[in-house]
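Have a look at the structure below, then the notes.
The values are calculated or read from the model by the stated rules, or taken from the named source; none is laboratory data. As the structure is a computational prediction, the values presented were derived from the model and not from experiment. All Cβ positions, even for glycine, are placed from backbone atoms using ideal geometry, and neighbour counts span all protein chains on display.
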Amino acid sequence: MKTRQDWFKILLTAVIFLVSISGITYAQQLSKSTIEAAVKEAYDKFKNVSEGKNADYIPALAEVNPNIFGISVVTADGDVIEFGDINDMVSMQSIEKVFAMAMVIDELGADALKEKVGVDATGMKFNAIEPIEWKKGKEINPCVNPGALATTSLIKGANYDEKWNNIITKYSEFAGRDLTVNQPVYESEAATNQRNQALAWLLFAYERMYFDPVQTTDIYTKACAINVNAKDLGMMAATLCNGGVNPVTGKTVVSPETVEHVLAVMVTAGLYDDSGIWIYDTGMPGKSGVGGGIIAVAPGKLGIGVISPPLDDVGNSVKAQYVIKYLSEKLGLNMYSVQPKN
Ligand code: GLU
């Protein structure tokens with residue numbers, strides 16, 4: 001004979017079950033359908049924006065279709081929401097810097113990155129040489145070129161091939177599929193990257209380059225040329241949002257402690273010298289690349305990847321910034337947002 005308490009427990013269990021299968025996650029209070037609606041709204045609202053221009057200092061980037069517009073959101077529970085040109089790929093460019101940094105922190109520890117590279121914002125254009133000269137190669141940031149080159153030189157591996165294999169394997173784990181290099185973009189940048197070579201040599205002169213500068217620059221250039229679609233970017237961002245575990249494959253890619261430091265550095269310089277404006281507007285660690293992609297991370301909730309090649313003067317995709325700002329407000333993703341207790 002069941003007591004009233006038994007019936008109450010049965011009822012409660014049934015309610016919890018129904019709520020969980022309806023896709024609502026207690027922790028994030030965001031249903032898949034809410035996210036889908038917001039993504040579609042963002043797409044419609046910004047699809048006709050015509051501001052900005054493709055990067056052209058790497059010749060192959062000028063030839064990328066400027067109309068590609070794809071949005072992907074991947075939640076910490078592994079829900080994937082995509083809209084627009086989700087199969088079109090662009091090169092990662094600077095977005096790869098986040099994952100190189102994650103590898104180095106994971107392998108060598110947070111202090112090693114801070115001491116051997118630096119984590120302070122330079123406040124200057126992504127390929128400026130002045131920050132190296134001013135600080136004699138110290139206190140540069142992994143999210144801009146000098147810091148990214150130094151970071152790349154610290155990637156584990158005894159030689160070029162080992163380092164490259166470690167990179168492509170790890171980035172693929174972040175994305176949950178095998179990524180490959182966009183060969184024309186790689187060759188185009190390799191033929192025109194004298195400035196990055198100069199940055200690498202200047203770091204070498206200050207003993208802040210930890211592997212051969214020519215090979216390091218080439219590995220970095222190739223990593224920048226890795227092809228991704230919006231879903232790859234969303235998945236990579238979601239792996240960060242989920243403490244380093246890919247929410248779809250379940251693979252542990254880096255540790256939660258590594259992610260803490262990676263997200264912090266993204267806040268300092270993820271959108272170049274507009275990083276302050278970005279975090280002020282979105283409250284989400286982000287990283288852009290001159291290929292036209294931007295990733296953003298709502299810790300514990302979701303990752304966003306947006307692709308649209310035309311950039312503003314600073315080098316950030318115009319439409320991707322609009323979309324992510326919109327989603328941040330609409331879905332309450334600002335990580336600094338706190339509800340008072342009473
Ligand atoms: N490969 C590019 C460069 O080094 C990346 C720049 C970027 O996306 O910010 O110039």
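Side notes on the structure shown:
Table: residues versus (1) in contact with an Asp or Glu (Cβ under 8 Å, 6 or more places away or on another chain); (2) in a loop (DSSP other than H, G, I, E, B); (3) within 16 Å of the ligand (Cβ to nearest atom).
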residue	(1), (2), (3)
GLY276	no, no, no
VAL290	no, yes, yes
ILE294	no, no, yes
GLY300	no, yes, no
GLN321	yes, no, yes
LYS325	yes, no, no
GLU329	no, no, no
VAL338	no, yes, no
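- Residues of segment 196-216 classified as touching a Phe, Trp or Tyr at 6+ places or on another chain (Cβ under 9 Å) and within 13 Å of the ligand (Cβ to nearest atom), total: 3
- For segment 150-159, taking the residues that are within 15 Å of the ligand (Cβ to nearest atom) and of a type outside the set (A, V, I, L, M, F, W, C), the one that is surrounded by the most Cβ atoms within 10 Å (Cβ to Cβ) is identified as THR152.
- Among the numbered conditions (1) surrounded by 11 or more Cβ atoms within 10 Å (Cβ to Cβ); (2) modelled with pLDDT under 70, the only one that ARG4 does not meet is (1).
- Of all the residues in segment 169-186, those that are within 13 Å of the ligand (Cβ to nearest atom) and either exposed (fewer than 15 other Cβ atoms within 10 Å of the Cβ) or closer than 15 Å to ASP232 by Cβ (or both) number 2.
- Subset of segment 292-342 [more than 19 Å from LYS231 (Cα to Cα) and aromatic (Phe, Trp, Tyr)]: TYR336
- For segment 257-274, a tally of residues being within 16 Å of the ligand (Cβ to nearest atom), in a helix (DSSP H, G or I) and aliphatic (A, V, I, L, M) returns 3.
- Selection count where residues are buried (at least 22 other Cβ atoms within 10 Å of the Cβ), under 28 Å from VAL64 (Cα atoms) and β-branched (Val, Ile, Thr), scope segment 82-137: 3
- Among the residues of segment 165-194, those that are within 25 Å of ILE294 (Cβ to Cβ) and either hydrophobic (A, V, I, L, M, F, W, C) or in contact with a Phe, Trp or Tyr (Cβ under 7 Å, 6 or more places away or on another chain) (or both) comprise ILE167, ILE168, LYS170, TYR171, PHE174, ALA175, LEU179, VAL181, VAL185, ALA190.
- Of all residues in segment 197-218, those being part of a helix (DSSP H, G or I), out of contact with any Asp or Glu (no Cβ under 8 Å at 6 or more places or on another chain) and surrounded by fewer than 24 Cβ atoms within 10 Å (Cβ to Cβ) number 9.
- The single condition among (1) in a helix (DSSP H, G or I); (2) closer than 22 Å to ASN141 by Cβ; (3) among the aliphatic types (A, V, I, L, M) that VAL254 does not meet is (1).
- Counting only helices (runs of 4 or more DSSP H) that sit wholly inside segment 37-149, those with at least 2 residues that are away from the ligand (no atom under 14 Å from the Cβ) and within 18 Å of the chain's Cα centre (by Cα) are 96-108.
- Residues in segment 303-319 that are of a type in the set (Asp, Glu) and either in a helix (DSSP H, G or I) or out of contact with any helix residue (DSSP H, G or I) (no Cβ under 8 Å at 6 or more places or on another chain) (or both): ASP313 only.
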